[in-house]
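Report on the following structure.
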Amino acid sequence: MGRTPFPAPPSSNSPTGAMPAGAPRPGVAAVPGAPRQTGPERRTLVVGRGISVQGSVQDAERLVVEGTVESSMIQATELQVTHGGVFRGGVEVEDAELAGTIDGTLTVNGSLTIRSTGRLIGKVKCRRLQVEDGGQITGQLEMITDGVAARPLSGEAPKAEPVAGEGASEAP
């Protein structure tokens, strides 16, 4: 048998045979619904199914939880908890997608999407929220606003104008 059991790694112009930065990896299919990379590859930590991690995570731009993560506080750009994944603790991110369970404190400065299988237990602050039919939130929800639209422009309270037919009375 003159064949090797594994195909030879792809070659490049470098003497080590390493892939050039930003090149797509062969044999790796794109995940449907996953954000596409346009720039250099993000520093990603994937906690796979059946794996449990406790402690702090530093310098991960993207955290994908398929197993279980317990942490006091994580800061990242993107959090994805897949169906069956569990995150316990505190996390602050720009964007989050939840198809599994988060139990703790979540701050999302951008968009939070809770899929139909997603469960959020605890306290959450987010700027934008999308919940699919079946998604669950149990606890405290606070929307982050800039406060501009919530205040009257002049400092005076807006005056209520009666609407005809709804309790408005006319003078005789």
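Each value in this text was obtained by applying a stated rule to the coordinates, not by laboratory testing. For clarity, every value in this text was computed on a predicted model and none was experimentally measured. Neighbour counts are summed over all protein chains in view; Cβ atoms, including those assigned to glycine, are modelled from backbone coordinates with ideal geometry.
Table for the structure above
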quantity: Label-point separation, S116 to V131 (7 Å along Cα→Cβ), nm; calculated: 1.7 nm
quantity: Charge sum, other residues only, whose C-beta stays under 9 Å from H83's C-beta, Lys/Arg counted +1 and Asp/Glu -1; calculated: 0
quantity: Projected label distance in nm at Q140 and H83, using a 7 Å step from Cα toward the beta-carbon; calculated: 3.3 nm
quantity: Within-14-Å neighbourhood charge of L120 [Cβ basis; K, R +1; D, E -1]; calculated: +1
quantity: Overall form of the stretch 56-115 per C-alpha gyration tensor (a/c, 1.5; a/b vs b/c); calculated: rounded
quantity: Nearest-20 debye value, the stretch 41-145 charge dipole, Cβ charges on Lys, Arg, Asp, Glu; calculated: 140 debye
quantity: Highest to lowest packing among 108-115, 42-49, scored as the average C-beta count within 10 Å; calculated: 108-115, 42-49
quantity: Ranked packing of 135-143, 83-91, most packed first, by mean Cβ within 10 Å; calculated: 83-91, 135-143
